[in-house]
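Asks: Sharing a structure, written as structure tokens. Questions coming.
Nothing in this text is a laboratory measurement; each read-out follows from the coordinates by a stated rule. The structure presented is a predicted model; accordingly, all values stated were derived computationally and were not measured. With ideal geometry, Cβ positions are generated from the backbone for all residues, glycine too; neighbour counts draw on all protein chains shown.
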Amino acid sequence: QRMIDYSNTNINWLRKHEHYNKNGTLLELEQGDATTFQWHSAPSVIACETYLGRPFSSEPDEETLQKVIHDCNTIHKKFLINVARQTTAGLPLCLAVPAWHVRNKIYHLPVLDDLKNLGYNRLDFTHASNEDLIYYREGQIVGRELLVLIRR
């Protein structure tokens, strides 16, 4: 509920400043399980921070890390399948997904290697590599990896 409240605060700011989506309507916030949610009308853009998994106060052992990555990967794959089922080619998505910084290595969601098969193209940037789009605070284990995708 806390994350929904934060999102509502952000949406209210957008409404106050009259930011509109490309269809000319105010942005909307809908709450539901992202793996099964059915939109009333297809979104024209999706921007969100996704499920990041459990937080860590210290580096997890390899078994715990792999279980968390597996669980997060399953949720993200189901989310991407659900979005693809309800949208058409050209839909832009900007997602902040988990990336784990453990023992001086970055661990990514395995589903990122399967984006084409799920119906998405990942955009590459001229002046920033994919690694440049990962951010985390000092001492933070779970960071965010920014993905910019286009529905195929």
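Asks: Radius of gyration and Dmax for the chain's Cα atoms, expressed in Å?
Replies: 16.3, 49
Asks: Follow-up. Calculate, for residue 112 and residue 45, the FRET efficiency according to 1/(1 + (r/R0)^6) with r their C-beta to C-beta distance and R0 25 Å; round to the nearest 0.05.
Replies: 0.80
Asks: If the elastic network links every pair of Cα atoms under 10 Å, which of 91, 133, 109 fluctuates the most in the Gaussian network model of the chain?
Replies: Highest fluctuation of the listed residues: 133.
Asks: Still on this structure, please answer the following. If you line up the long axis of helix 2-16 against the longest principal axis of the chain, both from Cα atoms, how many degrees apart are they, to the nearest 10?
Replies: Rounded to the nearest ten degrees, it is 40.
Asks: Next question. Please arrange 62, 145 by counting, for each residue, the other beta carbons lying within 10 Å of its beta carbon, fewest first.
Replies: Going from least to most buried by this count: 62, 145.
Asks: Leaving out same-chain residues fewer than 8 places away, which lysines sit with a Cα under 21 Å from that of residue 105?
Replies: 67
Asks: Kindly put 67, 116, 77 in sequence by how many other C-beta atoms sit within 10 Å of each C-beta, fewest to most.
Replies: Ascending number of Cβ neighbours within 10 Å: 116, 67, 77.
Asks: Give the angle, between 0 and 90 degrees and rounded to the nearest 10, that separates the Cα long axis of helix 62-86 from the longest principal axis of the Cα atoms of the chain.
Replies: Once rounded, the angle reads 20 degrees.
Asks: Non-local amide H neighbours of residue 152 (under 5 Å, H modeled in plane, Pro and chain starts lacking H): which ones?
Replies: 90, 120, 121
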